[in-house]
1. Going through the range 278-289 one residue at a time, which ones are closer than 15 Å to residue 248 by Cα and surrounded by 18 or more Cβ atoms within 10 Å (Cβ to Cβ)?
2. Suppose we filter 124, 179, 128 for residues that are open to solvent by 50 Å² or more (accessible area, probe 1.4 Å), under 20 Å from residue 74 (Cβ atoms) and in contact (Cβ under 8 Å) with a residue 12 or more places away in the chain; which single one remains?
3. Suppose the filter is away from the ligand (no atom under 16 Å from the Cβ) and out of contact with any Ser or Thr (no Cβ under 9 Å at 6 or more places or on another chain); does residue 289 pass it?
4. In the range 381-391, is there at least one residue being touching a strand residue (DSSP E or B) at 6+ places or on another chain (Cβ under 6 Å), within 16 Å of the ligand (Cβ to nearest atom) and assigned to a loop (DSSP other than H, G, I, E, B)?
5. For the range 71-177, which fully contained strands (runs of 3 or more DSSP E) count at least 1 residues that are farther than 30 Å from residue 394 by Cβ and away from the ligand (no atom under 16 Å from the Cβ)?
6. Give the residue that is farthest from residue 223 (Cα to Cα), with candidates limited to residues of the range 178-191 that are within 11 Å of the ligand (Cβ to nearest atom) and touching a helix residue (DSSP H, G or I) at 6+ places or on another chain (Cβ under 8 Å).
7. Taking the range 86-106 only, how many residues are crowded, with 16+ Cβ neighbours inside 10 Å and free of Cβ contacts under 8 Å to residues at least 60 places away in the same chain?
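The values are calculated or read from the model by the stated rules, or taken from the named source; none is laboratory data. Predicted model, so just to flag it, every value in this text is computed and none were measured. Positions of Cβ are generated from backbone atoms using ideal geometry, with glycine treated the same way; all protein chains shown enter the neighbour counts. Just the protein is used for accessible areas: all its heavy atoms, side chains included, with ligands, DNA and RNA removed. Shrake-Rupley method; radii C 1.70, N 1.55, O 1.52, S 1.80 Å.
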Amino acid sequence: MSRTLFSKRLELFPIAAEVRGETLFISGLSLNDLAQEFGTPLYVYDQATLDRNLQDYRAALSAAYPGKSGVTYAGKAFLCLAIAQWARERDLWLDCTGAGELSIAQAAGIKRDNVLVHGVNKSQADLQAAVAAAGTIVVDHLAELEKLSMMKRSGSHPFPQIWLRLRPGLAVETHSYTQTGQSDSKFGMSPDEIERAVQLCRAANLELSGLHFHQGSHFHDPAPLEPAIETALDLLDRLNRQTGWFPKMFCPGGGWGVPYHEDELPHPPVSDYIGLVGRVLAQGCRRRGLPLPDLQLEPGRSLVARAGVALYRVESVKQTDQRRWLLLDGGLADNPRPALYGARYTCLPVSAPERANEGPAWLAGPFCESGDVLIERLPMPAVQAGEYVAVPVSGAYQLSMGSNYNGARRPAVVWLNQGRSTLIQRRETLDDLIRRDLPLPDPHSGDAQ
Ligand code: LLP
């Protein structure tokens, strides 16, 4: 392929990706060797890329915002013990959706104060787990707040801090399935409901310490955050004058997008987004004579997506009248994003990735769905059966939304750091597929009587 196309594709890979000899390497490790050692489909995560992304967030926050600031990792993008440990070691907060993710945070030893629980419809079990183990609960609606007030009255101690989730009435530009800020969204409370919620917190003696909103996920233009921050500050100004309350923490969610495909390069840097948030929040507070709250951002994808690479084996090459199909050993079950959102990916062959292009290829998985096509119409070299291909930007919302469709076993996950590979999630086995299952009663067991 052309030098430009190749280097653009390589740019989407983790920061320490390179070609050595004729093979793609990440963090000093050959992707061919990793695929052979651990099998495919295989997901690898590069620690250096995770660290760089986090460093970019922290640097941009301290450059853009004069108040205190911090980062919460939105665990829904990808959560397992190792990534939670990574978050703990870097003193990140962890956003957990419900009791399940919370249990992973606890297993990793994340301290209570750094655990925040989200959810649009937290079950009683979610709420109980959050009250027992989280530092903060982000309340989605008034009925949930009432449940928490009752739990508080029944005497749990210490009780988490409460943040309220605002629905600012404006989403970011992204796929409609991942827009959340619009007025008819199922998430959050209207400004009027927030006013009511503040009163309820007071009456119930709940420690109300934050205001939160999240307008949607995977946006590239931060402009809609400006009116949303202004809406939030108008509300806070009003509340401050009426009740004297002002939040210690202000969180405009996460959602910053990443480039998945060479066509999306160059992509604006994260500092464009954080610069806007920091400036609008600081100026907005000053203009209204309000103090500066602590600014907390809540990214998932933009921390982990580029750190992850999916490796597949090309099982067969099939030529139909219209298409060249590269049939892979994974797809829909480990990455439902193309089928769900029409997400576009790219890839490189692991061996001789700079080979001349042969023409467009369609990369599809083995699953019984015509929608199981990971990549459509991608210029690719003449790849043979038995070769490995590497799909970059695979670290977010792939494994976390994966399934056992058609009896697929979830892939192994390997952590790469400074030339060392560590298995952090083993591949599921056939036994795992029936681990939860119980047999029907024996149809003959009643006959004997
Ligand atoms: N905060 C809240 C309250 C959220 O709901 C989300 C994502 C985030 C933060 C993190 O957003 P991020 O920075 O990762 O964009 N499955 C979809 C994405 C769903 C996002 C759900 N909420 C996808 O694959 O694109």
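1. Across the range 278-289, the qualifying residues are 281, 285.
2. Testing whether each residue is open to solvent by 50 Å² or more (accessible area, probe 1.4 Å), under 20 Å from residue 74 (Cβ atoms) and in contact (Cβ under 8 Å) with a residue 12 or more places away in the chain leaves just 179.
3. yes
4. So far as the range 381-391 goes, no, none of its residues is touching a strand residue (DSSP E or B) at 6+ places or on another chain (Cβ under 6 Å), within 16 Å of the ligand (Cβ to nearest atom) and assigned to a loop (DSSP other than H, G, I, E, B).
5. Per the criteria, 161-165.
6. So the residue we want is 178.
7. Total satisfying the criteria: 14.
Each row is one residue, and each column tells you yes or no for (1) of a type in the set (A, V, I, L, M); (2) under 22 Å from the mean Cα position of the chain (by Cα); (3) surrounded by 22 or more Cβ atoms within 10 Å (Cβ to Cβ).
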position: 31; (1), (2), (3): yes, no, yes
position: 39; (1), (2), (3): no, no, no
position: 49; (1), (2), (3): no, yes, yes
position: 74; (1), (2), (3): yes, yes, yes
